[in-house]
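Chemist: Pasting a structure below so you can have a look.
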Amino acid sequence: MSSSLNTLLDKTSDYDKDERYMATNDLIQELQKDIKIDATMEKRICAAVLKQLDDKNNDVQSIAVKCLGVLLKKVQEAQVSEISDKLCSLILDGKDELRDIYSIGLKTLLKDVPATAGATVCEKLPARLVGGVAQDAKPEVKLESLENLTDLLKRFGADAKDDHDAIMDVALAQLADGKPVVRKRAAACLAALALSASDPLLEKLCQTLLKRLDGADGAAARTLIATIGTVGRAVGGRLGRHLNALVPALLAHVGDAGDEESNTEEQCELRETCFQGLEALVSRCRTEVEPHVDGLLASSLAFAAFDPNYAYDDDDEAMGDADDEEEEQYDEDDDYGDDDDDDDTSWKVRRAAIKMAQAIAVTRPERLAALYGVLAPALVKRFKEREEHVRVDVIATLAALLDASTAASSKGEDAGPDWRPGFLAVAPSALAACLKQLGARAGDKEKSKAACLALLRALCNAARPGELADRAPDLVAAAAKALAEKSQALKLEGAVLLRVALETHGAGARSSLDDVLPAVAAVVGGDWYKLIGEGLRLVSTVAELVRPLERDGPAPSDAADVATRLYAAAKPRLEANDMDHEIKERAIEAIGGLVARLGDVLASAPSSETTRGANLLEEILDVLVSKLETGGTRVATLRALAEIAASPRGVACDAVLDKGGLATLAGYLRQQGRPLRQATLEGAAALLKNGSSKVDDADSAAFVESCASLANDEDLHLAHLALQACAALLERGASGRKATKACEAAALPAALALAASPLLQGAPLESTGLIFEVFALKAGGKALSFEKLFAALPDAALAAARADPARGSRQARPKRPP
């Protein structure tokens, strides 16, 4: 091993760059092996790799950095200290053109060095990097030092506690640097320091920032506020004790939205930074910020409408007409045809204010009722926002409020006043505003349309089932507008909205069925696989809408028309063999859901292919049986057949067993895939309970033997399903000579062994009791009589206890003598 390493080290100095590269790559492979390296070899390898950081070839430099990451996990801590010291020296005093390579090497060290080496790394490195930050001769050195110091604090901040004061002082000094990039990295360094800083040091940092902020303006104020926000995002609740000073200071710099003279670019940037900082505080200090929420919300709503360079029409409809006229007059690249808008930065303030309002919405579940009374109506009014990216944030904020309401209700966190009256009050106006946005020309405002569709979906989920039934036609109309778009993504969003609306508030959409069916057919016939899949899900959803699975009674008058149209839409996807696997499975699921709900109606409709059956039901079952021949669609087909057979519609499925045969299902049980076994057992049980035709004796015997092989406590769920399927077969009358013999020779011993298992409980226990009942009443045969079974059960338990006392049934163990 030593000789091979020596050879590779010699090649790392070869004149040929390819040799140097390959030697370093091979060195990486050797170091990744489980080998031990002596101290002398460690020093040689470290020296060679560090030398390659100065290589003239970029590829060699890159592979050297990669090698460094592997090497650091092998060498002793003394070598780690030497490498870090060397890399730091190269950053501070090395070649300018290679400084970025040296910096990457040090970052690699800080990332990959073992955590136990933190004290060794921090012995000298922090102080040297502080010196690099403090010097002003080379700005590049300052930047790289700040970045590496930040990485060091993130990983080994606690180990560098002796240098925390010096780091804070030098980073605070850089906040006044003339270069924005230096100020930004200094803020990031302070945030990393705050993660491991002591409470007194963190308090000192906050007081220093607040003191400097008092009286600061322009770029200096923006830098300080951005730093506060960065630190707040990093430390979260630890900053909570300082909020009573921080929040008023930031709001003071936000100012008054009615002050038109303050609409300068510099002031807008300052306000944007303030809101970003406040957003961080609201998100991370949820408890401590509570006393300030009302003031923050009022400020955010005031500046959400801050647009001094544009006069909005109070009439929303007029605003919408004005938008349409401007879109026709100007190109998409000309924002409202006003060249002066390029200098208008007030949109940054509006967006930042909206973001802060969104932070309040998602973090205050106890205030949902108040938010629906104040925030939600204001957001709906701001749908007229002229800048699309701000408008998207407005819509997203309302959607976030709805999602927060849904989540709070599911978790029981909405302990405050009932928010549903406010929700129901704002829902109609939100729906109307979304419809107006979706009414724009196809291809326009696509981001806003996508946001509106997401909002409508959140609206459906937030409402209780049926609460928006009277608005269901509007939801269907919104989805139809999305489906008419050119964008495939918008069509998909429209299809999802249509499905969610029908699932949650479908009763009100019953009158819109004439609009829904063509939309479903169009989606299923699309080109994009995701859209097709969503369309096939809609097939089952519409069938459930027309005739819910759990509802008894005759089919509606239009059920036959709906069933035939849905089948006609899904049929090409069901029969196609060159489709994506996901689409094949989704088509089978859709047809299964359709037949389970409308199978009796399909049985009365004539078949489109007489070779497959006399009616549509027979045609569908014939197609599904053919799908069992393909391994990729077998599981989905079995699940669909199980759903059809278990349907309360009484769909006769004898043809499935006649064509497929129990022997085929028994063969599936002998395969290894658990999903296939589970689907086969579920499907077989449902099919056997469904029909009444006689089953073949030999096939029955094969099926019983296959079920018996799965009736053990290695997989209790499969054992439960196997016993259920076997019981269904026996109850159907499979009492022939071969079937009875299989029960006596295979099923009975398996059931007795399972009954003795100490793991037996719940559904498997009930199924075990069922199979013994069926044995005694249905199977026939002397070995399966009640008397024989009654005697065999305790004998089996005692035998299991003797064979394995640790595993045998506790109830069957002999009592210890006193």
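Chemist: On the accessible surface of the range 365-475, probed at 1.4 Å, how many percent belong to carbon and sulfur atoms?
Modeler: 56 percent
Chemist: Turning to a different aspect of this structure: Once both axes come from the Cα atoms, what is the angle between helix 39-52 and the longest principal axis of the chain, in degrees from 0 to 90, rounded to 10?
Modeler: 70 degrees
Chemist: Moving on. Express in nm, to one decimal, how much length is gained between Q672 and D561 on full extension, taking 0.36 nm for each residue of separation and deducting their alpha carbon distance. It would help to have the intermediate numbers written out before the result.
Modeler: Values: separation 111, 0.36 × 111 = 39.96 nm, distance 4.28 nm.
The span from Q672 to D561 would gain 35.7 nm if fully extended.
Chemist: Quick one: which of K74/K142; K66/K124; K86/K111; K530/K571; K161/K204 span more than 20 angstrom between C-alpha atoms? Don't jump to the answer; show the numbers that get you there.
Modeler: Details: K74/K142 31 Å; K66/K124 24 Å; K86/K111 17 Å; K530/K571 18 Å; K161/K204 15 Å.
Among K74/K142; K66/K124; K86/K111; K530/K571; K161/K204, the Cα-Cα distance tops 20 Å for K74/K142; K66/K124.
Chemist: Mind giving me the nanometre distance, one decimal, between the label points for L765 and Y312, set 7 Å out from Cα along Cα→Cβ?
Modeler: Here the modelled spin labels are 6.4 nm apart.
Chemist: Right, something else. Helix 218-235: angle to the longest alpha-carbon principal axis of the chain, degrees 0 to 90, nearest 10?
Modeler: Helix 218-235 and the main axis of the chain meet at about 40 degrees.
Chemist: Compute the FRET efficiency between N577 and S604 as 1/(1 + (r/R0)^6), taking r as their Cβ-Cβ distance and R0 = 30 Å, and round to the nearest 0.05. Kindly include the intermediate steps, with their values, before the conclusion.
Modeler: Numbers: r = 29 Å, r/R0 = 0.98.
Working from the Cβ atoms, E equals 0.55.
Chemist: Shifting gears a bit: Taking only Cα atoms, what is the 0 to 90° angle, nearest 10, from helix 139-156's long axis to the longest principal axis of the chain?
Modeler: Long axis of 139-156 versus the principal axis of the chain: about 40 degrees.
Chemist: Something else: Accessible area of the range 650-696 with a 1.4 Å probe: how many percent of it is carbon plus sulfur?
Modeler: Answer for the range 650-696 is 49 percent, counting heavy atoms of protein chains only.
Chemist: Still on this model: Using the alpha-carbon centroid of each, what span in Å lies between the range 658-700 and the range 362-417?
Modeler: 52 Å
Chemist: Run the dipole for the range 523-613 about the Cα centre, Lys and Arg Cβ at +1, Asp and Glu Cβ at -1, nothing else charged, and hand back the magnitude in debye, nearest 20.
Modeler: Working: 11 positive and 15 negative charges, 16 e Å.
Once rounded to the nearest 20, the dipole reads 80 debye.
Chemist: Continuing with the same structure: So with the 1.4 Å probe, I'd like the accessible area per residue for the chain, rounded to whole Å². List each step's numbers first, then the result.
Modeler: On the way: 36400 Å² over 818 residues.
Here the residues of the chain average 44 Å² of exposed surface.
Chemist: A further question on this structure: If I model a spin label at E714 and D256 as a point 7 Å from the Cα along the Cα→Cβ vector, what separation in nanometres do I get?
Modeler: Between E714 and D256, the simple spin-label model gives 8.1 nm.
Chemist: Give the residue from S511, G466, L498 lying farthest towards the positive end of the charge dipole for the range 420-515; charges sit on Cβ (+1 for Lys and Arg, -1 for Asp and Glu) and the dipole is referred to the Cα centre.
Modeler: Sorting the options by dipole projection puts first L498.
Chemist: Express in whole angstrom the spacing between the alpha-carbon centres of the range 125-203 and the range 482-550.
Modeler: 56 Å
Chemist: Can you tell me how much longer the chain between E140 and A484 gets when fully stretched, taken as 0.36 nm per residue apart minus their C-alpha distance, in nm with one decimal?
Modeler: Working: separation 344, 0.36 × 344 = 123.84 nm, distance 5.42 nm.
Fully extending the segment from E140 to A484 adds 118.4 nm.
Chemist: Here's something else I'd like to know. Taking +1 at the Cβ of each Lys and Arg and -1 at the Cβ of each Asp and Glu, which of L152, P794, Q135 sits farthest along the dipole of the chain towards its positive end, judged by Cα position relative to the Cα centre?
Modeler: The one lying farthest along the dipole's positive direction is P794.
Chemist: Let me ask another. What part of the accessible area of the range 110-192, given as a whole %, is carbon or sulfur when the probe is 1.4 angstrom? Could the numbers behind the result be given before it?
Modeler: Numbers: 1840 of 3530 Å².
Carbon-and-sulfur percentage of accessible area, whole number: 52.
Chemist: Rounded to the nearest 0.05, what FRET efficiency is calculated for E366 and A305 with R0 set to 41 Å and r the Cβ-Cβ distance? Write out the running numbers ahead of the final one.
Modeler: Working: r = 26 Å, r/R0 = 0.64.
Computed FRET efficiency for E366 and A305 comes out at 0.95.
Chemist: Just flag the GluC sites (Glu not before Pro) in the range 504-576 sitting in loop per DSSP whose Cβ has no more than 15 other Cβ atoms within 10 Å.
Modeler: Working: sites: E534, E544, E550, E575; in loops: E550.
The qualifying sites are E550.
Chemist: When only alpha-carbon atoms are used, what values of Rg and Dmax, in angstrom, describe the range 651-692?
Modeler: Rg then Dmax for the range 651-692, in Å: 10.4, 31.
Chemist: Excluding same-chain pairs closer than 8 in sequence, count the lysine pairs in the range 650-754 whose Cα atoms lie under 19 Å apart. Intermediate results must be reported in sequence, preceding the final value.
Modeler: On the way: K659/K689; K659/K694; K694/K738; K694/K741.
Final tally of qualifying lysine pairs is 4.
Chemist: Quick check on the range 369-510: what does the Kirkwood estimate of hydrodynamic radius come out to from the alpha carbon pairs, in Å?
Modeler: Numbers: mean 1/r = 0.0666 Å⁻¹.
Result for the range 369-510 stands at 15.0 Å.
Chemist: Kirkwood Rh over Cα pairs of the chain into Stokes-Einstein at 20 °C, 1.002 mPa s: D in µm²/s?
Modeler: Values: Rh = 33.4 Å.
Here the translational diffusion coefficient equals 64 µm²/s.
Chemist: Just name one of C452, A596, A684: the one whose Cα is farthest towards the positive end of the charge dipole of the chain (beta-carbon charges, Lys/Arg +1, Asp/Glu -1).
Modeler: With unit charges placed on the Cβ atoms, the residue in question is A684.
Chemist: Could you rank L777, L379 by how accessible they are, 1.4 Å probe, largest area first? Working shown, then result.
Modeler: Values: L777 130, L379 0 Å².
The residues order as L777, L379, largest area first.
Chemist: Mind giving me the nanometre distance, one decimal, between the label points for S89 and A245, set 7 Å out from Cα along Cα→Cβ?
Modeler: The two pseudo-label positions are separated by 4.4 nm.
Chemist: Tell me, what is the 1.4 Å probe accessible area of D697, in Å² to the nearest 10?
Modeler: About 50 Å², rounded to the nearest 10.
Chemist: Over every pair of different alpha-carbon atoms in the range 214-272, take the mean of 1/r and invert it; report that Kirkwood radius in Å.
Modeler: For the range 214-272, the Kirkwood estimate is 12.3 Å.
Chemist: Here is a follow-up. Would you check the accessible area of V60, probe 1.4 Å, heavy atoms only, in square angstrom rounded to 10?
Modeler: My reading of the accessible area for V60 is about 0 Å².
Chemist: So in the chain, which Cys have no other cysteine's beta-carbon sitting under 4.7 angstrom from theirs?
Modeler: Unpaired cysteines in the chain: C46, C67, C88, C122, C189, C206, C268, C274, C285, C460, C653, C743.
Chemist: Would you work out the charge dipole size for the chain about its Cα centre, treating the Cβ of every Lys and Arg as +1 and the Cβ of every Asp and Glu as -1, and quote it to the nearest 20 debye? Walk me through the intermediate numbers first.
Modeler: Details: 98 positive and 130 negative charges, 1092 e Å.
Dipole magnitude for the chain comes out near 5240 debye.
Chemist: For Y310, what accessible area in Å² do you get when you roll a 1.4 Å probe over the heavy atoms of the protein chains, rounding to the nearest 10?
Modeler: Probe radius 1.4 Å; accessible area of Y310 about 50 Å².
Chemist: Mind checking the range 1-110 for trypsin sites (Lys or Arg not before Pro) that DSSP puts in a loop (not H, G, I, E or B) and that have at most 13 other Cβ atoms within 10 Å?
Modeler: Values: sites: K11, K17, R20, K33, K36, K43, R44, K51, K56, K66, K73, K74, K86, K95, R99, K107; in loops: K33, K36, K56, K73, K74, K95.
Answer by residue number: K33, K36, K56, K73, K95.
Chemist: About its Cα centre, how strong a charge dipole does the range 66-217 have in debye, to the nearest 20, once Lys and Arg get +1 and Asp and Glu get -1 at the Cβ? Please list the in-between numbers first.
Modeler: Working: 22 positive and 24 negative charges, 88 e Å.
So the magnitude is around 420 debye.
Chemist: At 0.36 nm per residue, minus the direct Cα-Cα distance, what do D16 and E388 gain on full extension? Give it in nm, one decimal, please. Write out the running numbers ahead of the final one.
Modeler: Numbers: separation 372, 0.36 × 372 = 133.92 nm, distance 5.64 nm.
Full extension of this stretch gives 128.3 nm more.
Chemist: Give a quick list of trypsin sites (Lys or Arg not before Pro) in the range 374-453 that DSSP marks as loop, anything other than H, G, I, E or B, with at most 15 other Cβ atoms within 10 Å. Kindly include the intermediate steps, with their values, before the conclusion.
Modeler: Working: sites: K381, R382, K384, R386, R391, K411, K436, R441, K445, K447, K449; in loops: R386, R441, K445.
Within the range 374-453, the qualifying trypsin sites (Lys or Arg not before Pro) (loop, at most 15 other Cβ atoms within 10 Å) are R441.
Chemist: Quick one: give the max-minus-min coordinate of the C-alpha atoms of the range 15-101 along each principal axis, largest first, in Å.
Modeler: 37, 29, 18
Chemist: Return a whole-number percent for the relative contact order of the range 475-555, with Cα pairs under 8 Å and 6 or more residues apart as the contact set.
Modeler: Details: 72 pairs, mean separation 23.9, N = 81.
After rounding, I find 29 percent.
The values are calculated or read from the model by the stated rules, or taken from the named source; none is laboratory data. Keep in mind that this is a model prediction, so the values were computed, not measured. Note that we place each Cβ from the backbone using ideal geometry, even for glycine, and neighbour counts take in every protein chain shown. Each accessible area value is taken on the protein alone, full model and side chains, heavy atoms only, with ligands, DNA and RNA left out. Shrake-Rupley method; radii C 1.70, N 1.55, O 1.52, S 1.80 Å.
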